[in-house]
Amino acid sequence: MNVRQIFVAQILTCLTCLPAQAQTDNRVALGYNTFNEVYVGYEFPVQEESTIHRETRIGVQLGYQFAMSSDADYTWGPFEMTTPFLTNNAYGVRVRVGYKLHFGKSFATLFLEYENLKSNPFTHSTYSGSRFAPIYIFKEAYQKYGIRIMNATSIGGSTSVYLTYSAALFLVQTHRTDISLNGTPITTESDIQTVSPQITIGLMFYLF
């Protein structure tokens, strides 16, 4: 069983926890996360009788990330380090399934998350100090499987508007497709696996 099959099996296991009853207190939310993700969320109470402030829920979020640029440099700084914001140049879907626990007007959620992203072109020069430096242009596609912990704090005591902040850790499967080398078209492809952290902040608005 590969990583994708294991991850999908875990999400399906979570979904089987959704109750057949207790639908009277479901909630729908819209949200925004850095960097440039918008999402819709739907929550199911775990217990039939609960209140908005003292309960546990199963939540599902479906998001779409917009690329913040149409192209980007792959490295930054005087030491040509790989930019820590690679996915700012990428677009695609994010799916999360999580277990949410309320603490008064705040709450925390533990999510399983999957991201399927594609990048716009990257430019990479291996030695910027030379006019003969090889210049690569390529695109990347990311399959990301991870765990996210999200905390939310009510804004102004509201039960509808929350400030959110989260930390996540992903196993990232990257597929790179080279486009050109020094202006000459090439079609080289390669794959790599890495582990990547992610920190986000955002806003969540409950519609009901």
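The values are calculated or read from the model by the stated rules, or taken from the named source; none is laboratory data. All values derive from a computational prediction rather than experimental measurement. Cβ atoms come from the backbone with ideal geometry, glycine included; neighbour counts cover every protein chain shown.
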Mind counting the residues in region 137-156 that are out of contact with any Ser or Thr (no Cβ under 6 Å at 6 or more places or on another chain), at pLDDT 95 or above and closer than 14 Å to LYS105 by Cα?
1
So, in region 64-87, of the ones that are closer than 24 Å to ALA29 by Cα and buried (at least 18 other Cβ atoms within 10 Å of the Cβ), which residue ends up modelled with the highest pLDDT?
GLN65
Being surrounded by 14 or more Cβ atoms within 10 Å (Cβ to Cβ) and charged (D, E, K, R) is the filter here; which residues of region 168-190 pass it?
ARG176, ASP178
Scanning region 138-154 for residues that are within 16 Å of ALA90 (Cβ to Cβ) and over 15 Å from the mean Cα position of the chain (by Cα), which turns out surrounded by the fewest Cβ atoms within 10 Å (Cβ to Cβ)?
LYS139
Quick test of your reading of the structure: PHE132 fulfils all but one of (1) under 19 Å from TYR32 (Cβ atoms); (2) at pLDDT below 95. Name the failing condition by number.
(1)
Close pairs (6 angstrom Cβ cut-off, 6 or more residues apart or separate chains): under 30 Å from THR153 (Cα atoms) and modelled with pLDDT under 95 in region 103-125, surrounded by fewer than 19 Cβ atoms within 10 Å (Cβ to Cβ) and small (Gly, Ala, Ser) anywhere:
LYS105/SER154
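Okay, residues lined up against (1) out of contact with any Gly (no Cβ under 6 Å at 6 or more places or on another chain); (2) within 19 Å of VAL60 (Cβ to Cβ):
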| residue | (1), (2) |
| --- | --- |
| ALA152 | yes, yes |
| ALA168 | no, yes |
| LEU181 | yes, no |
| THR184 | yes, no |
| ILE201 | yes, no |
| PHE205 | yes, yes |
